[in-house]
1. Short version: ³J(HN,Hα) in whole Hz for each residue of the stretch 78-83, in order, from phi by Karplus 6.51 cos²θ - 1.76 cosθ + 1.60 (θ = phi - 60°), x for Gly and Pro, what are they?
2. Using each residue's phi in the stretch 5-17, evaluate 6.51 cos²θ - 1.76 cosθ + 1.60 at θ = phi - 60° and report the 3J(HN,Hα) Karplus result to the nearest Hz, with x for Gly and Pro.
3. Using the Karplus curve 6.51 cos²θ - 1.76 cosθ + 1.60 with θ = phi - 60°, work out ³J(HN,Hα) for each residue of the stretch 117-125 in order, rounded to whole Hz, and write x for Gly and Pro.
4. For a quick protection proxy, order the peptides 5-12, 18-25, 71-78 by their average other-Cβ count within 10 Å, most packed first.
5. Given Cβ point charges of +1 (Lys, Arg) and -1 (Asp, Glu) and nothing else, what value in debye, to the nearest 20, does the dipole of the stretch 42-137 about its Cα centre take?
6. Testing the spin-label approximation: label points 7 Å from Cα along Cα→Cβ at GLU98 and SER43. State their distance in nm.
7. Report the calculated FRET efficiency for LYS57 and VAL8 (r = Cβ-Cβ distance, R0 = 30 Å), to the nearest 0.05.
8. Write down, largest first, the equivalent ellipsoid semi-axes of the chain in whole Å, where each equals the square root of 5 times an eigenvalue of the alpha-carbon gyration tensor.
Amino acid sequence: MTPRSYYVRNMLHSYDKQLITARRLARYRRLMRPDAADAISISVEAKRNQLVERVAKEVVENLLISGSANPVVQRIRAQLEAELNERYVFEYPISAQELRVLKETTDGPLEVGPEEKMEVLNRLWKITLDTVDETML
């Protein structure tokens, strides 16, 4: 590995982190806007469900996509692989805003079709919601 390739790879890794941070900040900005719906008082269970959904969204967008070694993330990945009998890779390409779902095969990772992508993402969301709900006090 030449020093130049190391610097290029390091630079691309930094850009990837910046893109993830920018997406997170944009989402926070949307959440910070006051809505009329916030004025309505809601039950404790509904508030808990909202919190579970927010945490699950963070887990999916930031930890699962970035490949974190967090035990909760590993548990979610293991359950997804067990239920679907496939190993999937999730990534945001540098030039696109759309999440890509890749299936690991013997020939290398292959991008899945739209129907399979929706099935995988729906199952991932359900597993993440259930896992976060179980782990929250």
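Throughout, read-outs are computed from the coordinates displayed, never taken from laboratory work. All values reported here derive from a predicted model rather than from experimental measurement. Methodologically, a virtual Cβ is constructed for each residue, glycine included, from the backbone with ideal geometry; neighbour enumeration extends over all protein chains shown.
1. 4, 5, 5, 5, 5, 6
2. Whole-Hz 3J(HN,Hα) from phi for the stretch 5-17: 5, 4, 5, 5, 5, 5, 5, 5, 5, 5, 4, 4, 4.
3. 4, 5, 5, 5, 5, 5, 5, 4, 5
4. Working: 5-12: 10.2, 18-25: 12.2, 71-78: 15.4.
For the peptides 5-12, 18-25, 71-78, the packing ranking is 71-78, 18-25, 5-12.
5. Numbers: 12 positive and 18 negative charges, 69 e Å.
Its charge dipole is roughly 340 debye.
6. 3.9 nm
7. Values: r = 32 Å, r/R0 = 1.07.
After rounding to 0.05, the efficiency reads 0.40.
8. Details: eigenvalues 179, 94, 39 Å².
For the chain, the ellipsoid semi-axes come out as 30, 22, 14 Å.
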